[in-house]
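Report on the structure given below.
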Amino acid sequence: MAMAPSAPDLGGQRPPRPSLDSLSSVSTTSLVFERLQEEMEKDPRSRKTSRRAGSGALHKEEGDYHDDAETGPFLARPGAPTQRKPMDRSLRRILLIVGVVFVGGWLAALGIFIFAGKYRHASDSDHDPDADSRGSGKAVTMDQVLGGFWSPRAHSISWITDPDGQDGLLLEQDAVGKDFLVVEDVRSNKDPAPARDAGTELAKSRTLMKTAYFEWNGKSRRPEWLEPSPDLNFVLLGVNKERNWRHSFTATYFILHVPSGAVEPLVQNDDQAKVQLANWSPQSDAVSFTMNNNLYIRRVTDRVTGRKDTVQITKDGGPEYFYGIPDWVYEEEVFSGRKATWWSDDGSYLSFLRTNETGVKEFPIQYYLSHPSGNTPAEGDEAYPEVRQIKYPKPGSHNPVVDLQFYDVARGDVFSVPVDADFADDNRIINNVLWAGGNVLVKETNRVGDHLKVVLVDVGTREAKTVIDNDVAGLDGGWFEISHKMTYIPADAAKGREHDGYVDTIIHDDFEHLAYFTPVDNPKPIMLTSGKWEVEDAPSAVDLANNLVYFVATRESSIQRHVYSVKLDGSDLTPLTDTSAEGYYAVSFSSGAGYALLSYMGPKIPYQKVISTPSTAATYDRVIEDNSDLADRARKHELPVLKYGTLDLDNGVAVNYVERRPAHFNPNKQYPVLFYQYSGPNSQMVTRRFAVDFQSYVATALGYVVVTVDPRGTGLLGRKHRVAVRSQLGLLEAQDHIAAARHFASLAYVDASRLAIWGWSYGGFAALKTLEQDAGRTFSYGMAVAPVTDWLFYDSVYTERYMRHPRDNPEGYRASAVSNATALGRNKRFLLMHGVADDNVHFQNSLTLLDALDLAGVENYDVHVFPDSDHSISFHSANRIVYDKLNSWLINAFNGEWLKITNPKPHDKLRRRSTQGLRARMG
């Protein structure tokens, strides 16, 4: 790779150099005038002559003269009789004008050169994400990309509610120079830079744990998980943490009494008990927990009797009945977490899910090298793999039956509340539960996710009614997105809120927008936002004191994120972030929404700062992370040139794309192109976030162009763009990728014979589906990691939301499967990788595809499997192997190496030599 000139010395030793071209031009002109003037002023006999080499002659012989700028046509021959004449005035004026123009032009160029900072090396300038080219620098390496070298430092703030009512409290754990666990005001930092209002009163700091260890039975232990009680008088501590699924784990819990320092086990008389989930009561007087799939309440201090006993709420929990925790599919696809227990605000009731998995079939996951159960094989059984049976519902099969139950703490009884016209047990998914004063709001859908009901439960009267009933299948043929951000708005007449209500995201004019429902049983909301843009995972926070709702949205651009506020009456929508510049922000708010941790994530170098919101009287703004090290690295490395845009595809569809070009991109060359994508429903890969990843490495270190397209089905461009893929996953996505590839193949700087596509998980499925649909006409190569190949093999909750029930859409399932092995065989070559112990996308998917390839006699592919690796493919350093394989395989593909192994034939010379050697040995 060509390198740019090295950086000039700017340390005071020498000034910046102008360009050599400019310097030579002005020097030549100056010398001409100087020598002319000298010669004209000399006596003719003393004018300059040349010596011939090796002779003592003081003058040239005849015929030795040649024209040049000094002794050419301007001067007579030395020694000849001459008469001194002044230079012609017109000629002199012309030469003077030419000289002035040259000098003036040079000075102007020098000024522009210095003013524009062109003398600076690229490493002296901040990283510009929109630059058309990059200066010289270090190469981006695979070790950097996989080792966290390019990962921005980021801090999370655990905002907590102050028992004394002040806002802005945070929980700090293991901070440098502080006690191990401290609660303090966010403004109490030691940084003198931000000024604080003289009248500002900070909340008092509290130490909950002085050191990182606690003692129990003479043994020192360090918590692996912890949670303070709301009143900050207790801390729940988890040790011996063991992972279960993606989010869930078991642990042994202890309760620390902060004032006294006393510690006791959560499960009385059992300091080794494995607990699946533990939650504080809002009143800090009890902990609910699930153990062995049964639900309990442990009283820390009874408000009436002072007892510290444990109450077992359910007793029939076991392998097929869960209480207060989700099963595998609910954890993965519904709650995206491990919790299915919710306390009422006053601690009088506990609501929880009961999950019945009796009808759910098991799927075996085999481990050949490890023992996730922790059990050592019995003698003689070492050669057998450990098998873990997972209750995993697949499309069309039995789903877990889930219903919501309640526990009345005062009465000590468990009860359910019937709902008129509720979904049947085998056709119900409960996806959100929210306490709203003395009521509970329950969001549930049918199993295919296109019919939504919001149920209002009055736990006092133990009655329920459906307050919203929407069938989106009739609206646009799509599905409802699961959200857990629905927020309760309590009544406050002094603030103009006459009734209880809640804020939620709903479908409005083809986009996802915020709505305020009040009273809670009112099905017609006040719209807080509207327009051809969408809110994302909203609301972010509610400021009840000022009737403000904060949210993140794509109002400026579908690939940007900014933070806004709006009043509860839908007026005064105001940006909290600077919308005059492109930005991608995330935010978390304090309990009262008076302060926020604002995380700028791109396109420039990410940073974080804590700010006060406009409703806070005293202004506060402090940068807590500037990522200066990352900024320095970006200056010194050759990062890809990024080009963002929208493609109008030949199928009438517009899609967002980002093109990553090599740092020294030359439009006169031809480059191979790698398409990287995910393409899953409601996902988004094309954003303005800062990222230096594997795709960046491919662009800069390997010198390929890398393109990402968000096809139909992806998010943040409205329902029409998103729901078109329903009942036919993979087909429209593949069409869009092929159309995008054809566009790039038509560009002069693209080598149309070298196009490849790759992805992981849904992206692996989309890569294979694209290769199948294209059949070698546009793409030549592909790489798929842990792909779905048939949607009948994936879990029911996710799949049926987008594909509906197999009974109602058999042709759609057949069309979406990657099954045309003959079409795949028309590509030059493809790569398939999968983890054998993948509990999410089962290895069954790849094995079934391999069988189809075998039956069709297709052999133009490579396979790499990873024993004991799950969906992340990380067991025994496997993740590094995945990327090493992608790297080397892609280089071989674009170098044409895979073409050399097609239809191989014996090498004649080697065959003859082998035959002669064999004869010699035999003779």
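The values are calculated or read from the model by the stated rules, or taken from the named source; none is laboratory data. From a predicted model like this one, the values you see are computed outputs, not experimental measurements. Neighbour counts run over all protein chains shown; Cβ positions are idealised from the backbone, glycine included.
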When only residues in the range 880-894 that are farther than 16 Å from Val706 by Cα and in contact with a helix residue (DSSP H, G or I) (Cβ under 8 Å, 6 or more places away or on another chain) count, which is surrounded by the fewest Cβ atoms within 10 Å (Cβ to Cβ)? Asp884
Taking only pairs six or more apart or across chains, which ones have beta-carbon atoms under 7 Å, a first residue in the range 415-428 that is surrounded by fewer than 16 Cβ atoms within 10 Å (Cβ to Cβ) and of a type outside the set (Lys, Arg), and a second residue that is at pLDDT below 95 and in a loop (DSSP other than H, G, I, E, B)? none
List pairs: first residue in the range 516-532 and within 10 Å of Ile468 (Cβ to Cβ), second residue surrounded by 14 or more Cβ atoms within 10 Å (Cβ to Cβ) and among the aromatic types (Phe, Trp, Tyr) anywhere in the structure, Cβ distance under 7 angstrom, at least six positions apart or on different chains. Phe517/Tyr502; Pro525/Tyr516; Pro525/Phe517
Within the range 728-752, the residues that are over 13 Å from Asp650 (Cα atoms) and in contact with a strand residue (DSSP E or B) (Cβ under 7 Å, 6 or more places away or on another chain) are Ala745, Tyr749, Val750, Asp751
Name the single residue that is nearest to the chain's Cα centre (by Cα) among those in the range 203-217 being of a type outside the set (Lys, Arg) and assigned to a loop (DSSP other than H, G, I, E, B). Ala212
Give me a count of the residues in the range 458-472 that are within 24 Å of Asn809 (Cβ to Cβ) and either basic (Lys, Arg) or part of a loop (DSSP other than H, G, I, E, B) (or both). 1
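Here's the yes/no breakdown for (1) free of Cβ contacts under 8 Å to residues at least 24 places away in the same chain; (2) outside the structural domain of Pro672 (by TED's automatic domain parsing); (3) farther than 21 Å from Ser683 by Cα:
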residue: Ile559; (1), (2), (3): no, yes, no
residue: Ser580; (1), (2), (3): yes, yes, yes
residue: Val587; (1), (2), (3): no, yes, no
residue: Gly594; (1), (2), (3): no, yes, yes
residue: Gly602; (1), (2), (3): no, yes, no
residue: Asp621; (1), (2), (3): no, yes, yes
residue: Val641; (1), (2), (3): no, no, yes
Taking Tyr584, is it under 22 Å from the mean Cα position of the chain (by Cα), closer than 24 Å to Leu169 by Cα and either crowded, with 18+ Cβ neighbours inside 10 Å or not charged (D, E, K, R) (or both)? no
Output the number of residues of the range 874-886 satisfying the condition of being in a helix (DSSP H, G or I) and under 21 Å from Val387 (Cβ atoms). 3
When you go through Phe415, Phe363, Phe423 one by one, which is the residue that is closer than 29 Å to Pro810 by Cα, more than 32 Å from the chain's Cα centre (by Cα) and among the aromatic types (Phe, Trp, Tyr)? Phe423
Could you tell me whether the range 669-686 includes any residue that is of a type in the set (Val, Ile, Thr), more than 30 Å from Leu544 (Cα to Cα) and in contact with an Asp or Glu (Cβ under 7 Å, 6 or more places away or on another chain)? yes
For strands (runs of 3 or more DSSP E) lying entirely in the range 361-457, having 1 or more residues that are under 30 Å from Ser877 (Cβ atoms) and acidic (Asp, Glu) picks out 386-391
Kindly indicate which of Gly782, Gly703 is closer than 17 Å to Asn860 by Cα, assigned by TED's automatic domain parsing to the domain that holds Ile873 and within 25 Å of the chain's Cα centre (by Cα). Gly782
I'd like the full set of residues that are of a type in the set (D, E, K, R), more than 21 Å from Gly135 (Cβ to Cβ) and not in a loop (DSSP other than H, G, I, E, B), limited to the range 597-636. Lys609, Asp621, Arg622, Glu625
Which of (1) surrounded by 17 or more Cβ atoms within 10 Å (Cβ to Cβ); (2) in a helix (DSSP H, G or I) does Leu674 not meet, given it meets every other one? (2)
Within the range 476-489, identify whether any single residue is within 12 Å of Lys443 (Cα to Cα), of a type outside the set (Val, Ile, Thr) and touching a Gly at 6+ places or on another chain (Cβ under 8 Å), and answer yes or no. yes
Picking from Asp870, Asp862, Asp854, Asp884, the residue that is free of Cβ contacts under 8 Å to residues at least 60 places away in the same chain and under 26 Å from the mean Cα position of the chain (by Cα) would be Asp870
Taking strands (runs of 3 or more DSSP E) that fall entirely within the range 89-202, which contain at least 1 residues that are small (Gly, Ala, Ser) and modelled with pLDDT of 80 or more? 158-160
Select, from Asp808, Asp751, Asp839, Asp790, the only residue that is surrounded by fewer than 24 Cβ atoms within 10 Å (Cβ to Cβ) and touching a Pro at 6+ places or on another chain (Cβ under 7 Å). Asp751
Is it the case, given these coordinates, that Ala741 is over 30 Å from Val360 (Cβ atoms), among the hydrophobic types (A, V, I, L, M, F, W, C), in a helix (DSSP H, G or I) and in contact (Cβ under 8 Å) with a residue 40 or more places away in the chain? yes
Going residue by residue through the range 401-412, is there one that turns out to be within 24 Å of Tyr802 (Cα to Cα) and without any contact (Cβ under 8 Å) to a residue 60 or more places away in the chain? yes
Note on Val442: of the conditions (1) surrounded by fewer than 20 Cβ atoms within 10 Å (Cβ to Cβ); (2) in contact (Cβ under 8 Å) with a residue 24 or more places away in the chain; (3) β-branched (Val, Ile, Thr), unmet is (1)
For the range 455-468, which residues satisfy the criterion of being free of Cβ contacts under 8 Å to residues at least 40 places away in the same chain and under 28 Å from Phe511 (Cα atoms)? Val455
Name the residues in the range 612-630 that are surrounded by 15 or more Cβ atoms within 10 Å (Cβ to Cβ) and among the charged types (D, E, K, R), would you? Arg622, Glu625
